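Novice: Here it is, the structure in full.
The values are calculated or read from the model by the stated rules, or taken from the named source; none is laboratory data. Predicted model, so just to flag it, every value in this text is computed and none were measured. Note that each Cβ is placed from the backbone with ideal geometry, even for glycine, and that neighbours are counted across all protein chains shown. SASA here: full protein model, heavy atoms, side chains in, ligands and nucleic acids out. Shrake-Rupley method; radii C 1.70, N 1.55, O 1.52, S 1.80 Å.
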Amino acid sequence: MARRKDLPMDDYPLIENHGLLGDLQTSALVTTDGTVDWFCCPRFDSPSVFGALLDKDRGGHCTVRPRHGTYTTKQLYLPDTAVLVTRFMTEAGAGEVLDFMPVTGSAVTARHRLVRMLRCVRGSMTFDVEIAPRFDYGRSPHRLHLTEHGAVFAAEDGSELTVHAVREPQDRRILQVMTDRQDDLHFSLTLEAGQERGLVLEWAAGEPPRDVRLAEYQQLFDHTVTFWRTWLAQSQYTGRWRETVERSAITLKLMTYAPSGALVAAPTAALPEQLGGERNWDYRFTWIRDASFSVYALLGLGFTEEARAFIGWLSDRVKERAGSDGDSGPLNIMYKVDGSSDLEEQTLGHWAGYAGSAPVRIGNGAATQLQLDIYGEALDSIYFAHRHGIQLGHHGWTSLLTNLDWLADHWDQAGEGLWETRGGRQNFTYGRVMSWVAFDRALRLAESSGRPAAAARWSAARDAIYEQVMTKGWSEGQQAFVQHYGSDVLDSSLLRMSTVGFLIPEDPMWASTLDAMERELVSDSLVYRYNPEASPDGLRGSEGTFSLCTFMYVDALARAGRTDKARLVFEKMMGYANHLGLYSEEIDLTGRQLGNFPQAFTHLALIDAAITLDAALDRG
């Protein structure tokens with residue numbers, strides 16, 4: 001794309017104009033013009049080091065771009081890897097930046113590296129590099145210490161970012177280094193065709209800056225490429241959309257915290273669901289719901305170890321508050337990646353927000369909401385894993401029993417619902433459906449494993465929920481199941497009713513529900529969550545269509561035998577992906593992506609929809 005200084009939204013890059021890097025403990029976003037504008041360290045949910053995505057003036061960044069005034073850019077991933085290549089084309093030559101993060105492994109570490117390798121592939125090119133960190137969301141000033149081998153940015157809070165130069169001993173003079181009043185680092189580098197040099201940004205290096213020889217860089221690069229290609233080779237997906245599905249799998253892996261197996265909902269915070277609006281949430285945490293869905297996607301593709309790791313993480317959450325009688329139940333709806341639950345919501349008042357979309361929120365005040373559906377999602381994923389040979393031990397099962405005892409006492413009450421509305425509790429139909437799933441899967445688990453169970457109580461609760469949903473959750477006027485009892489509002493979460501087996505796909509009541517959703521929630525194949533004007537959610541403004549819901553719609557259509565429509569919707573949705581195959585949370589009327597990016601839920605639903613649609617087309 002051509003570089004322009006009159007970009008919309010005060011020069012903020014489009015949300016979709018980013019690629020994702022990661023080392024399985026944290027991640028970074030790189031724009032299509034070579035800027036790292038989001039990087040938190042040492043974990044996904046740590047304070048940012050580069051945060052220009054949420055405040056272009058005060059957030060901090062690391063920029064690499066040609067000195068030549070006019071250039072075009074292209075961006076791609078090295079096939080089957082998480083190595084990002086940003087290419088620059090000018091009249092004088094062509095160059096590229098290879099960005100990657102060496103994988104850290106499953107042991108918790110403070111040390112993280114971001115490698116930025118500059119290459120000239122045609123002609124010659126002078127690269128201008130600017131490194132301007134802003135520690136602790138820009139709240140901790142820093143000092144710059146230069147050495148002949150690199151630099152150290154030292155923040156007042158004790159954080160350090162070290163810059164190592166990738167170069168050979170004989171070519172130190174090709175660098176021109178400058179600093180400024182803010183203790184930021186600027187340098188230029190001129191390369192001819194075939195030359196490559198670069199830098200390694202290292203958090204908590206534990207050593208002074210040093211020269212990284214090209215041979216050492218090549219080892220880092222080769223090891224990273226080998227890791228990703230070896231990991232992806234485990235995929236058993238051979239369907240029609242292999243490249244798309246496998247890119248989603250890599251994206252999900254990049255959002256998985258290896259030490260615990262927990263999957264973050266997104267690596268970003270406070271990206272708006274409506275430009276200029278207040279729907280700006282921190283998604284750098286692990287939702288029970290989202291991560292439970294990951295079990296289906298991971299096992300569906302053949303990634304057994306990742307599914308096993310998450311089931312272990314989930315089992316720990318079930319054990320630690322088993323039997324709790326707190327207002328939000330024994331499970332929180334979300335946790336930090338290490339399993340801790342302190343997610344106090346704060347506002348960064350000194351940041352402007354993406355394109356002026358304030359407030360900028362970190363933490364998440366919805367963590368202790370009552371959302372009854374999470375018990376069904378947790379039990380469904382545990383049951384699905386059990387069928388694939390991943391089983392709970394004795395303590396995990398006994399803890400599950402106490403959670404089910406709590407649910408048996410509390411399923412028939414109002415909650416906030418899976419969309420985390422802040423407009424008051426309601427008797428959400430989806431919450432009841434998933435409570436039914438919890439008891440149904442518990443009964444199946446107990447029978448298949450010979451475990452002790454309160455079978456009569458669970459069976460009675462399951463049957464009572466079914467009868468209640470079929471009477472109170474159904475609207476005669478809409479001829480559809482509705483968002484909550486006593487309303488005529490439709491809700492796309494109920495697209496999962498046939499997926500989880502509450503209704504068979506051929507049921508006339510389900511067919512008419514699909515028809516009603518198509519009339520009211522589907523806009524040229526894209527699907528809204530619900531109509532906030534008809535069902536106020538306690539927040540101002542509107543939102544775009546939800547990409548998760550569009551893929552859920554594909555899944556529901558395929559299961560209902562409407563395969564032609566399902567395939568058309570799926571193929572249309574492919575056109576809304578960014579240039580790398582990544583999706584954020586929402587899509588607005590112009591086709592622009594909105595919300596946190598990339599969103600795990602969307603990519604999980606994409607994988608599920610592709611697998612279901614493949615099977616339906618094969619049968620047909």
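Novice: Explain nothing, just compute: Karplus ³J(HN,Hα) = 6.51 cos²θ - 1.76 cosθ + 1.60, θ = phi - 60°, for every residue of the range 397-402 in order, whole Hz, x for Gly and Pro.
Specialist: Listing the rounded values in order: 5, 5, 5, 4, 4, 5 Hz.
Novice: Read phi for every residue in the range 220-226 and hand back ³J(HN,Hα) as whole Hz from Karplus 6.51 cos²θ - 1.76 cosθ + 1.60, θ = phi - 60°, with x for Gly and Pro.
Specialist: Per-residue couplings from phi come out as 4, 4, 4, 5, 5, 4, 4 Hz.
Novice: Another question about this same structure. Hey, can you grab everything whose amide H is under 5 Å from the amide H of S140? Only 5+ residues off in sequence or another chain; H modelled, so Pro and N-termini drop out.
Specialist: Under 5 Å from the amide H of S140: F135.
Novice: What Kirkwood Rh does the range 1-150 have if only Cα atoms enter the pairwise 1/r average? Answer in Å. Don't skip to the end; give the middle numbers.
Specialist: On the way: mean 1/r = 0.0617 Å⁻¹.
With all distinct Cα pairs of the range 1-150 included, I get 16.2 Å.
Novice: Just reorder S459, S584 by solvent-accessible area, largest first, 1.4 Å probe, all chains present.
Specialist: Numbers: S459 35, S584 0 Å².
The ranking, largest first, comes out as S459, S584.
Novice: Reported to two decimal places, what Rg/Rh ratio describes the range 440-536 when computed on Cα atoms with Rh from the Kirkwood expression?
Specialist: Reported Rg/Rh (Cα atoms, Kirkwood Rh): 1.07.
Novice: Considering the chain, what Rg and Dmax in Å follow from its alpha-carbon atoms?
Specialist: 24.9, 80
Novice: Where the centre of each part is set by its Cα atoms, how far does the range 461-516 sit from the range 112-138, in angstrom?
Specialist: The range 461-516 and the range 112-138 have Cα centres separated by 53 Å.
Novice: Which residue, L589, A385, V482, has the largest displacement toward the positive end of the dipole of the chain when charges sit on each Cβ (Lys, Arg +1; Asp, Glu -1)?
Specialist: Farthest towards the positive end: A385.
Novice: Given the protein chains as shown and a 1.4 Å probe, how many square angstrom of E467 are accessible, to the nearest 10?
Specialist: My reading of the accessible area for E467 is about 110 Å².
Novice: To continue, here is another question. Shape verdict for the range 536-620, please, from the Cα gyration tensor: rounded (a/c under 1.5), prolate (a/b greater than b/c) or oblate.
Specialist: Numbers: a/c = 2.25, a/b = 1.74, b/c = 1.29.
Prolate.
Novice: Can I ask one more? Hey, how many Å between the Cα centroid of the range 249-273 and the Cα centroid of the range 295-322?
Specialist: With the range 249-273 and the range 295-322 each reduced to a Cα centre, they are spaced 15 Å.
Novice: Which stretch or stretches of the range 189-215 have amide N atoms under 20 Å from the point lying 7 Å from E168's Cα along the Cα→Cβ direction?
Specialist: Under cut-off, by backbone N: 189-200, 210-215.
Novice: Return the Rg/Rh ratio of the range 133-208 with Cα-based radii and a Kirkwood Rh.
Specialist: 1.01
Novice: What shape does the range 370-454 have by the C-alpha gyration tensor, where a ≥ b ≥ c are the square roots of the eigenvalues, rounded means a/c under 1.5, and otherwise prolate means a/b greater than b/c and oblate the rest?
Specialist: On the way: a/c = 2.57, a/b = 2.03, b/c = 1.26.
Taking the square roots of the gyration eigenvalues as a ≥ b ≥ c, the range 370-454 is prolate.
Novice: Follow-up. Taking 8 Å as the Cα distance limit and 6 or more residues as the minimum spacing, I'd like the relative contact order of the range 216-366 as a percentage.
Specialist: Averaging sequence separation for qualifying contacts and normalising by length gives 25 percent for the range 216-366.
Novice: So, one more: Could you pull out the pairs from K336/K472; K56/K253; K56/K336; K319/K565 whose alpha carbons sit more than 32 Å apart here?
Specialist: K336/K472; K319/K565
Novice: With every protein chain kept in place and ligands, DNA and RNA left out, what is the accessible area per residue of the range 445-552? Probe 1.4 Å, answer in Å².
Specialist: 41
Novice: So, one more: If you add up the charges near G123, with Lys and Arg at +1 and Asp and Glu at -1, over every other residue whose beta carbon is less than 14 angstrom from its beta carbon, what do you get?
Specialist: +1
Novice: Looking at the chain, what % of its DSSP beta bridges pair antiparallel, to the nearest 5?
Specialist: Here the share of antiparallel DSSP bridges comes out near 100 percent.
Novice: Once ligands and nucleic acids are excluded and a 1.4 Å probe is used, how much of S124 is accessible, expressed in Å² to the nearest 10?
Specialist: Taking all protein chains as shown, S124 has close to 40 Å².
Novice: Considering the Cα positions of the range 61-204, please state its Rg to one decimal place and its Dmax as a whole number of Å.
Specialist: Spelled out, the Cα radius of gyration and Dmax of the range 61-204 are 15.8, 47 Å.
Novice: Just order 438-447, 203-212 by mean Cβ neighbour count inside 10 Å, highest at the front, would you?
Specialist: Numbers: 438-447: 21.8, 203-212: 15.7.
Result, highest mean first: 438-447, 203-212.
Novice: Now, a different point. Given Cβ point charges of +1 (Lys, Arg) and -1 (Asp, Glu) and nothing else, what value in debye, to the nearest 20, does the dipole of the chain about its Cα centre take? All intermediate terms of the calculation are to be shown ahead of the outcome.
Specialist: On the way: 60 positive and 82 negative charges, 232 e Å.
Rounded to the nearest 20 debye, it is 1120 debye.
Novice: Using protein chains only and a probe of 1.4 angstrom, how many square angstrom of S449 are accessible, to the nearest 10?
Specialist: Approximately 40 Å² for this residue.
Novice: How about K74: which lysines have a C-alpha closer than 20 Å to its C-alpha, ignoring those fewer than 8 places off in the same chain?
Specialist: Qualifying lysines at Cα under 20 Å: K5.
Novice: Quick one: angle between helix 288-301 and the longest Cα principal axis of the chain, in degrees between 0 and 90, rounded to 10, please.
Specialist: Tilt of helix 288-301: around 80 degrees.
Novice: For the range 43-55, in order, what is each residue's ³J(HN,Hα) by Karplus, 6.51 cos²θ - 1.76 cosθ + 1.60 with θ = phi - 60°, in whole Hz (x at glycine and Pro)?
Specialist: Residue by residue, the range 43-55 yields 10, 3, 9, 6, x, 6, 9, 10, x, 4, 4, 10, 6 Hz.
Novice: Quick check: convex hull of the Cα atoms in the range 401-497, volume per residue, rounded to a whole Å³?
Specialist: On the way: hull volume 9.7 nm³, N = 97.
About 100 Å³ per residue, rounded to a whole number.
Novice: For the range 108-160, evaluate the Debye formula with one uniform point scatterer on each Cα (no solvent term) and list log10 I(q)/I(0) at q = 0.15 Å⁻¹, rounded to two decimals.
Specialist: Debye intensities relative to I(0), on a log10 scale: -0.62.
Novice: Could you please report the charge total around A154, scoring K, R as +1 and D, E as -1 over all other residues with beta-carbon less than 12 angstrom from its beta-carbon?
Specialist: Result for the neighbourhood of A154: -3.
Novice: Averaging over all projection directions, find the projected area of the Cα convex hull of the range 223-330 and quote it in nm² with one decimal place.
Specialist: Mean shadow area of the hull around the Cα atoms is 9.4 nm².
Novice: So for each of 102-115, 597-610 I average, over its residues, the number of other beta carbons within 10 Å; can you give me the resulting order with the highest mean first?
Specialist: Result, highest mean first: 597-610, 102-115.
Novice: Quick check: with the 1.4 Å probe, what order do K253, K319 take by accessible area, largest first?
Specialist: Output order, biggest surface exposure first: K319, K253.
Novice: Over the Cα atoms of the range 184-241, compute the convex hull volume and normalise it per residue, giving Å³.
Specialist: Hull volume over Cα atoms, normalised by residue count, gives 205 Å³.
Novice: Per residue of the chain, what 222 nm ellipticity follows from adding -39500 (n - 2.57) for every DSSP H run with n ≥ 4, rounded to the nearest 500?
Specialist: On the way: 13 runs with 196 residues, N = 620.
Result for the chain, helices only: -10500 deg cm²/dmol.
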